[in-house]
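Colleague: The structure under discussion is supplied below as structure tokens; questions concerning it will follow.
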Amino acid sequence: MANDVEVLDKNFLYNNMMARALVQLFPEQERSQIFMWLEKLQSVAGNKDALSIRNDYMWLMLLVMQSGNLTEPFDKLPPTRELPPVSEIVPSQVYEDVLSSSDQNFSWIDKIISDTNITDENGMPTSGMPPYKFFEHQPQPMNGIICYFSVFSKDS
């Protein structure tokens, strides 16, 4: 049977991969902030309590990302000190708003604002992450391989 720390780590890795997939749907300036939070959360080590707090932040981050709007505490840079429990840093109203909006807001993914500055007249990207940095921001499997693919669809 797996110990508590292993279970917390596996849960975190799974949610971390989900967040890294969702981050591509955010504007560029918000992406760098999200990546800073992901790096902060990934750097947390220690006892079961510290890892549990880390996982609470990761879970809240996923809910916030699913709502499509960065809210507290993710609308600011992550703290340099140890993370306090989520209940101490997030106002209860924000927490309730995130919980209530996350249930209905998966549809925002389909309504990503089409910005004419994203591609040039030839359809080539003009902003965003440089291609050579793509793999730096992708989840790395502990075992096995990882494969990336693209899916294209018309908005009809």
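Colleague: Scan segment 43-96 for residues that are among the small types (Gly, Ala, Ser) and within 25 Å of residue 7 (Cβ to Cβ) and jot them down.
Modeller: Selection gives 43, 45, 46, 50, 52, 87.
Colleague: Just to check your reading of the model, which residue among 128, 123 is surrounded by fewer than 16 Cβ atoms within 10 Å (Cβ to Cβ), within 14 Å of residue 25 (Cα to Cα) and at pLDDT below 75?
Modeller: Matching residue, one of 128, 123: 128.
Colleague: Just to verify a result, which residue in segment 1-20, among those that are without any contact (Cβ under 8 Å) to a residue 40 or more places away in the chain, hydrophobic (A, V, I, L, M, F, W, C) and within 18 Å of residue 55 (Cα to Cα), is surrounded by the fewest Cβ atoms within 10 Å (Cβ to Cβ)?
Modeller: Here the residue is 2.
Colleague: Another question about this same structure. Is it the case, given these coordinates, that residue 31 is surrounded by 16 or more Cβ atoms within 10 Å (Cβ to Cβ), out of contact with any Asp or Glu (no Cβ under 6 Å at 6 or more places or on another chain) and either of a type outside the set (Val, Ile, Thr) or in contact (Cβ under 8 Å) with a residue 12 or more places away in the chain (or both)?
Modeller: Numbers: surrounded by 16 or more Cβ atoms within 10 Å (Cβ to Cβ): yes; out of contact with any Asp or Glu (no Cβ under 6 Å at 6 or more places or on another chain): yes; either of a type outside the set (Val, Ile, Thr) or in contact (Cβ under 8 Å) with a residue 12 or more places away in the chain (or both): yes.
It is true that residue 31 is surrounded by 16 or more Cβ atoms within 10 Å (Cβ to Cβ), out of contact with any Asp or Glu (no Cβ under 6 Å at 6 or more places or on another chain) and either of a type outside the set (Val, Ile, Thr) or in contact (Cβ under 8 Å) with a residue 12 or more places away in the chain (or both).
Colleague: Out of all the residues in segment 34-44, which are over 11 Å from the mean Cα position of the chain (by Cα) and surrounded by 13 or more Cβ atoms within 10 Å (Cβ to Cβ)?
Modeller: Answer for segment 34-44, where residues must be over 11 Å from the mean Cα position of the chain (by Cα) and surrounded by 13 or more Cβ atoms within 10 Å (Cβ to Cβ): 40, 42, 44.
Colleague: On to the next question. Do the conditions hold for residue 83, that is, is it assigned to a helix (DSSP H, G or I) and either in contact with a helix residue (DSSP H, G or I) (Cβ under 8 Å, 6 or more places away or on another chain) or at pLDDT 90 or above (or both)?
Modeller: Considered against the rule, which asks whether it is assigned to a helix (DSSP H, G or I) and either in contact with a helix residue (DSSP H, G or I) (Cβ under 8 Å, 6 or more places away or on another chain) or at pLDDT 90 or above (or both), residue 83 comes out as no.
The values are calculated or read from the model by the stated rules, or taken from the named source; none is laboratory data. Every value quoted in this text rests on a predicted model; they were computed, and no experiment measured them. As a convention, Cβ positions derive from the backbone with ideal geometry for all residues, glycine included, and neighbour counts pool all protein chains shown.
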